[in-house]
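Asks: This is the structure, below, for whatever I ask next.
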Amino acid sequence: MTTPILPARHAWFRRELVAPGIERIDEPHVHEFLRSNIWFIKGRDRDLVVDAGLGVASLHDTFPDIFIRDPILAVTHAHLDHVGSAHEFADRRMHRHSQIGGQTAASLLGPELAALLGLDAAQLPAVLVDAVPARFTVESYQIKTAPATSTVSDGDVINLGDRHLLVLHLPGHTPGSICLLDDESGDLFSGDVIYDDILLDELHESDIDQYVASMLRLRSLPVRTVYPGHGYPFDQSRMIEIIDNYLRIRAPHAMPRKIRCRSEHEPPTAPGGELPA
């Protein structure tokens, strides 16, 4: 196909403060399918960046302030829209099943990316951006190799001094998918494990049974606010709605009983969100 001539845009990213110490960065000229969130979390001793966008434009050149204190980059999974600028970070942490480099499926052309990921090409437009940075061409797009400087496993903790983020290995979307949970605040940085849209569980590397198990585990956790890989934050009640809608389709036999509100004098809920008998 002939790629259309796209307008050049100097301002590639969009950045906003969404909560104290938490900023959201995204790429507004990217089609919503690939328009992922980059989360910047300021800590007392270290800063953390969760995911790294498409890499079409340089994060470091655009936001040098983010890199002043040598931030930790936590990669939630190794899809192109989350790892593109990973090579710009010196401290890269990801699950051992997430690898960034030549094996990463990468294209900004809809039909080509659909074939690489295992999607129906009709689901995507011909080109997945409506503009480009100066001196960039869609055909030149590729992911630069960025191996983990350290791997993380379920139960590990990323310590920012005043924030401690628990690593949760929640496979299904990909084998290496992780979330980060701040137990104190209830903030969950979820990557593509959960977001407020159709969850993708039929990609080449997806596993529905694992996804169901991950959803059941996630449902029982003390989450207050979800900061997802795509779209805007949402609260625990919306998280449970999304999970339950998914389970009704994929595993109706595993549906937990409906959660009801309880007073502080009632016993705690059991794992999976069920009230004790």
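Asks: Longest exposed-loop-site-free stretch of the chain, with GluC sites (Glu not before Pro), DSSP loop and at most 15 other Cβ within 10 Å?
Replies: Values: sites that count: Glu32, Glu184, Glu202, Glu264, Glu274.
Counting only loop sites that pass the neighbour cut-off, the longest clear stretch is 33-183.
Asks: Membrane-span-like helices in the chain: DSSP H runs reaching 20 Å or more (Cα, own axis), mean Kyte hydropathy at least -0.5?
Replies: Working: long enough: 236-250 (21 Å, -0.39).
The qualifying helices are 236-250.
Asks: Which residue, Ser185, Pro175, Gly55, has the largest displacement toward the positive end of the dipole of the chain when charges sit on each Cβ (Lys, Arg +1; Asp, Glu -1)?
Replies: Ser185
Asks: DSSP beta bridges in the chain, what fraction antiparallel, as a percent rounded to 5? Kindly include the intermediate steps, with their values, before the conclusion.
Replies: On the way: 27 of 40 bridges.
Expressed as a percentage, antiparallel bridges in the chain total about 70.
Asks: Another question, if that's okay. Suppose every K and R has +1 on its Cβ and every D and E has -1 on its Cβ; what is the size of the dipole of the chain about the Cα centre, in Debye to the nearest 20?
Replies: Working: 25 positive and 39 negative charges, 37 e Å.
Taking the Cα centre of the chain as origin, the dipole is about 180 debye.
Asks: With contacts defined as alpha carbon pairs under 8 Å and 6 or more residues apart, what's the relative contact order of the chain in percent?
Replies: Working: 581 pairs, mean separation 39.9, N = 277.
Across the chain, relative contact order equals 14 percent.
Asks: Quick check: at a probe of 1.4 Å, how many percent of the accessible area of segment 71-151 sits on carbon and sulfur atoms?
Replies: On the way: 1610 of 3340 Å².
Carbon-and-sulfur percentage of accessible area, whole number: 48.
Asks: Heavy-atom accessible area per residue, the chain, 1.4 Å probe: how many Å²?
Replies: Accessible area per residue: 47 Å².
Asks: Moving on to the next point. How far, in nm, would the chain grow between Glu241 and Ala134 when pulled straight, counting 0.36 nm per residue and subtracting the alpha carbon separation? Working shown, then result.
Replies: Numbers: separation 107, 0.36 × 107 = 38.52 nm, distance 4.20 nm.
Gain in length upon complete extension: 34.3 nm.
The values are calculated or read from the model by the stated rules, or taken from the named source; none is laboratory data. None of these values were measured; they are calculated from a predicted model. Backbone-built Cβ (ideal geometry, glycine too); neighbour counts: all protein chains shown. Please note that ligands, DNA and RNA were not included when accessible areas were found on the heavy atoms of the full protein model with its side chains. Shrake-Rupley method; radii C 1.70, N 1.55, O 1.52, S 1.80 Å.
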